[in-house]
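As structure tokens, the structure follows; a few thoughts come after it.
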């Protein structure tokens, strides 16, 4: 375990759990962050997160029995993560998943510490998983102060309970984005603007319920300097995904990681996903074919996302991402954050954490010097 200087990080409390580092490893689904990466981050004092969407893709019966394959695989990965780490383990689930409630119940039943809920507003829960009645902490992922207010009002009214944390994700994230295409580069929709607005929105709810709701900044956070900047803006912690892809412990194939190492800034593109959302990915021949109007034939044996535009879809995104996870980038592509082009080498998670601390410390000193009276 890396020892932190007290002047750096103060840890992060979510619900009844406290991480030694205010760093959450973003949950990358379709097999990119499984027990390998999640346990390694947890061992270094952060919160390691298993991506729950299409987690059963490596099970033999996934195409025939996807619900059972997903729940079976999630149980396996949670157990593996627990065997490898005594740290905090989370699971990322998309509210838009057709088997969302199944996976929600499996995660809680198997003792996950934190559930990160995105791609939709988590306003309804099965009777067995009511907020305030389970040990697992619940952290919705949002992209606006308006979404925060809707969730807070709904939970306060229905459950007399507020979320254990809120992850505020800006438009520089990888994968599916909670923004319209024209908002992605607009100054008013950047994380630096959204984060303070969310913090202001939650204040009256915190006073009413006499609780602290940690706010986690996410989307495009890559360096320790980024961490310092968003903590200074009022965030209690950060969520980082792209930075952890190029680690030995990341569960993606080596070819997937190599795509990050080869990526240039201009290779990071916004695509129109078949599920009706814009997404950020590393451009390659597969995506170039799609942009030219080439249709990739597929047969859908399940509708994994409620929002999938099946009849209009030029390809199956679940299959494309599964192929990429396995290293077949001729028949798929890699989602990635805006700073993926900064990836230079494959490192261990421990080395990445050490580098983040060093970068944070340097940024802290530089900012102190900048504001020192002459």
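Taken across segment 152-175, residues that are in the same structural domain as residue 191 (by TED's automatic domain parsing), modelled with pLDDT under 95 and in contact with a strand residue (DSSP E or B) (Cβ under 6 Å, 6 or more places away or on another chain) do occur, with at least one present. Has segment 49-66 got any residue that is assigned by TED's automatic domain parsing to the domain that holds residue 20, under 19 Å from the mean Cα position of the chain (by Cα), at positive phi and touching a residue at least 40 places away in the same chain (Cβ under 8 Å)? Looking for residues that are assigned by TED's automatic domain parsing to the domain that holds residue 20, under 19 Å from the mean Cα position of the chain (by Cα), at positive phi and touching a residue at least 40 places away in the same chain (Cβ under 8 Å), one finds at least one in segment 49-66, hence yes. The number of residues in segment 258-286 being surrounded by fewer than 20 Cβ atoms within 10 Å (Cβ to Cβ), part of a helix (DSSP H, G or I) and either under 21 Å from the mean Cα position of the chain (by Cα) or touching a residue at least 40 places away in the same chain (Cβ under 8 Å) (or both) comes to 5.
Any residue that is touching a helix residue (DSSP H, G or I) at 6+ places or on another chain (Cβ under 8 Å), under 13 Å from residue 167 (Cβ atoms), assigned to a loop (DSSP other than H, G, I, E, B) and without any contact (Cβ under 8 Å) to a residue 60 or more places away in the chain - is there at least one of those in segment 188-196? Looking for residues that are touching a helix residue (DSSP H, G or I) at 6+ places or on another chain (Cβ under 8 Å), under 13 Å from residue 167 (Cβ atoms), assigned to a loop (DSSP other than H, G, I, E, B) and without any contact (Cβ under 8 Å) to a residue 60 or more places away in the chain, one finds none in segment 188-196, hence no. The residues in segment 123-138 that are touching a helix residue (DSSP H, G or I) at 6+ places or on another chain (Cβ under 7 Å) and in a loop (DSSP other than H, G, I, E, B) can be counted, and the count is 7. Given the condition exposed (fewer than 15 other Cβ atoms within 10 Å of the Cβ) and over 19 Å from the mean Cα position of the chain (by Cα), answer yes or no: does some residue in segment 160-177 qualify? Within segment 160-177, one or more residues are exposed (fewer than 15 other Cβ atoms within 10 Å of the Cβ) and over 19 Å from the mean Cα position of the chain (by Cα).
Considering 95, 112, the condition of being in the same structural domain as residue 217 (by TED's automatic domain parsing) and farther than 21 Å from residue 157 by Cα is satisfied by 112 alone. Taking the criterion of being within 27 Å of residue 269 (Cβ to Cβ), surrounded by fewer than 20 Cβ atoms within 10 Å (Cβ to Cβ) and touching a helix residue (DSSP H, G or I) at 6+ places or on another chain (Cβ under 8 Å), the residues of segment 342-354 that qualify are 344, 345, 346, 347.
In this structure, residue 251 does not satisfy being surrounded by fewer than 18 Cβ atoms within 10 Å (Cβ to Cβ) and either in contact with a helix residue (DSSP H, G or I) (Cβ under 7 Å, 6 or more places away or on another chain) or at pLDDT below 95 (or both). Considering each residue of segment 157-175 in turn, none proves to be in a loop (DSSP other than H, G, I, E, B) and free of Cβ contacts under 8 Å to residues at least 24 places away in the same chain.
Taken as a whole, the structure places residue 139 among residues that are assigned by TED's automatic domain parsing to the domain that holds residue 195 and surrounded by 15 or more Cβ atoms within 10 Å (Cβ to Cβ).
Among residues of segment 139-156 being assigned to a strand (DSSP E or B) and touching a residue at least 40 places away in the same chain (Cβ under 8 Å), the one that is nearest to the chain's Cα centre (by Cα) is 141.
Here residue 95 fits the description: closer than 19 Å to residue 139 by Cα, surrounded by fewer than 23 Cβ atoms within 10 Å (Cβ to Cβ) and in contact (Cβ under 8 Å) with a residue 12 or more places away in the chain.
Residue 214 meets all of the listed conditions (1) touching a residue at least 60 places away in the same chain (Cβ under 8 Å); (2) buried (at least 22 other Cβ atoms within 10 Å of the Cβ) but one, namely (2). Number of residues in segment 80-109 that are under 28 Å from residue 20 (Cα atoms) and either out of contact with any strand residue (DSSP E or B) (no Cβ under 9 Å at 6 or more places or on another chain) or assigned to a helix (DSSP H, G or I) (or both): the value is 13.
If the condition is being modelled with pLDDT of 95 or more, part of a helix (DSSP H, G or I) and more than 24 Å from residue 169 (Cα to Cα), then segment 320-353 contributes 350, 351. Considering segment 3-21, the residues that are surrounded by fewer than 13 Cβ atoms within 10 Å (Cβ to Cβ) and in contact with a helix residue (DSSP H, G or I) (Cβ under 8 Å, 6 or more places away or on another chain) include one that is modelled with the highest pLDDT, namely 7.
The values are calculated or read from the model by the stated rules, or taken from the named source; none is laboratory data. None of the values given here were measured: they were computed from a predicted structure. Cβ atoms come from the backbone with ideal geometry, glycine included; neighbour counts cover every protein chain shown.
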